[in-house]
1. Name the long-range amide H neighbours of Asp3: under 5 Å, sequence gap of 5 or more, or other chain; modelled H, no Pro or chain starts.
2. Please calculate how many Å² of accessible area the chain carries per residue, with a 1.4 Å probe and no DNA, RNA or ligand atoms counted.
3. Charges only on Cβ, +1 for Lys and Arg, -1 for Asp and Glu: so what's the dipole of the chain about the Cα centre, in debye to the nearest 20?
4. Relative contact order, percent, of the chain when contacts are C-alpha pairs under 8 Å separated by at least 6 residues?
5. Would you mind telling me the share, in percent, of accessible area of the chain contributed by carbon and sulfur at probe 1.4 angstrom?
6. When the helices in the chain are scored as -39500 (n - 2.57) per DSSP H run of 4 or longer and the sum is shared across all residues, what 222 nm value do you end up with, to the nearest 500 deg cm²/dmol?
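The values are calculated or read from the model by the stated rules, or taken from the named source; none is laboratory data. On a predicted model such as this, the values are computed, not experimentally measured, just so you know. Neighbour counts are summed over all protein chains in view; Cβ atoms, including those assigned to glycine, are modelled from backbone coordinates with ideal geometry. Remember, those area values only see protein heavy atoms, side chains included, never the ligands or the DNA or RNA. Shrake-Rupley method; radii C 1.70, N 1.55, O 1.52, S 1.80 Å.
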Amino acid sequence: VADAPGSGTVLLAAPAGVPLEPRFGVGSAAAHAAGGALALRGDWPTLRRDVDTAADLAAAARLGVGPRTAAVLGARAAAILA
């Protein structure tokens, strides 16, 4: 599954016994496709959030994050405002 911009990868999976060759960074989605990975189509806005920048984190937070990430974000906001 490609990230929201379409250049990175947020999910790479294979059945048991099939080796994975993960790629990382910008262009990983194209590298996975070139290696034979099949793109999964669907609308998964929360899955498509790859957090590499502060703007990415803000977008993920608007969609909703898990309890631990929310706690860290809350602590950071409190520290900034103190």
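1. Close amide H contacts, sequence-distant or interchain: Gly8, Thr9, Val10.
2. Ligands and nucleic acids excluded, the figure is 74 Å² per residue.
3. 200 debye
4. Relative contact order, the chain: 27 percent.
5. Carbon with sulfur: 62 percent of the solvent-accessible area.
6. So the calculated ellipticity at 222 nm is -11500 deg cm²/dmol.
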